[in-house]
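The values are calculated or read from the model by the stated rules, or taken from the named source; none is laboratory data. Source: prediction; values computed, not measured. As a convention, Cβ positions derive from the backbone with ideal geometry for all residues, glycine included, and neighbour counts pool all protein chains shown.
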Amino acid sequence: MSDASKAKNNSGKKPRTASKEVRRQQLIDATIESIAKHGLTGTTMTTVTREAGLSLGLANFHFSTKQNLFEETLRYLADEHHQFWKKSYEKANLAPEAKLKAIVDAHFHPTICKRKKITVWYGFFGEAKSRASYRKLVAEIDAERLTLSIRLCRDIIQEGGYENIDPENVAMTLEGLYDGFWLNILIYPNEFTRFDALRRIQEYLASQFPKHFERPPPTDCEG
C-alpha cells in the first residue's frame, strides 16, 4: 500500500500531509457547502468537518472558533469577488462603457454567481449578529466599486452629452440591482437566472445611455 493510501483512511479523510493553506481552503469550502445545506445557524464545526472529511481537532487548529471560521469564509468570498470584478475591469481598458459592463458581468459570472455562495452572502445579510462582521469586511470593497462606477458613468455622460442623468444615481441603482438579482437567483432558481439578471441590467443601461448600450433583442416570450 502506498503512503498516500495509508494516509487516507476508510472514512475518506484527506492525507494529513497537506499544507496549511490547503487545509484552510478545504475547511472554507466545506463551510460554504454546509451553510448552503444547513444555513448559518445550522452550521457547526461538526457539520463543516464532516463535509470536509477532516477531524474536529484539525479544524480547531486552523480556526479557533466557529465565528473565526465564518469570518474567514466571508473574507474569502469577498476577496474572490473583489479580485474577479477588478480583474475584469482592468481587462476592459478601452472605453468606460466596456469597463462598466465588465463590472456588471463579473457579478454574474458562473464562478461568482453560484447559489451556494449567494446563500452564504445572504446568511450574513440576514443574521443580526453577523452584520457587523459583514460591514467590516466588505464596506471598503463596496465603496471602491461604487466610486469606480460613478466615475465611469460620469465619463459616459460627458462623452455622450447626456442630460439630466446623475452618475451617482445610476451607480447606486446598479448596486441595488446586483443584490436584488442575486436574491432572485437564490429564491427563484427555475424562474430567474444569471442570464435574466444580465439582460435586465443591459436594458437599464440602454435606457440611461442609449448611445453606449444596446437594448437586448426580445426573447421568444416577448415576441
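So the values come out like this:
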item	result
Set Lys136, Lys117, Lys101: member being over 30 Å from Glu72 (Cβ atoms), under 18 Å from the mean Cα position of the chain (by Cα) and either polar (S, T, N, Q) or not assigned by TED's automatic domain parsing to the domain that holds Lys37 (or both)	Lys101
Arg145 surrounded by 18 or more Cβ atoms within 10 Å (Cβ to Cβ), of a type in the set (Lys, Arg) and in the same structural domain as Leu186 (by TED's automatic domain parsing)	yes
Those residues of the stretch 197-223 which are surrounded by 17 or more Cβ atoms within 10 Å (Cβ to Cβ), farther than 22 Å from Glu144 by Cα and hydrophobic (A, V, I, L, M, F, W, C), in sequence order	Ala197, Phe209, Phe213
Meets criteria (at pLDDT 95 or above, in contact with a His (Cβ under 7 Å, 6 or more places away or on another chain) and either of a type in the set (Lys, Arg) or over 27 Å from Pro189 (Cα atoms) (or both)) for Ile156	yes
Any hit, the stretch 126-141, residues being under 19 Å from Phe181 (Cβ atoms) and at pLDDT 90 or above	no
Residue match in the stretch 175-196 (condition: over 19 Å from the mean Cα position of the chain (by Cα) and surrounded by 12 or more Cβ atoms within 10 Å (Cβ to Cβ))	no
Wholly within the stretch 109-217, helices (runs of 4 or more DSSP H) carrying at least 1 residues that are over 25 Å from Asp29 (Cβ atoms) and touching a helix residue (DSSP H, G or I) at 6+ places or on another chain (Cβ under 9 Å)	128-160, 167-187, 194-208
Contacts under 7 angstrom Cβ, first residue in the stretch 138-160 being more than 13 Å from Lys101 (Cα to Cα), partner of a type in the set (Phe, Trp, Tyr) and outside any helix (DSSP H, G or I), 6 or more apart	Gly160/Phe209
Near pairs, Cβ below 6 angstrom, 6+ apart or cross-chain, from the stretch 55-77 (under 21 Å from Ser19 (Cα atoms)) to any residue that is of a type in the set (A, V, I, L, M, F, W, C) and modelled with pLDDT under 85	Arg75/Leu137
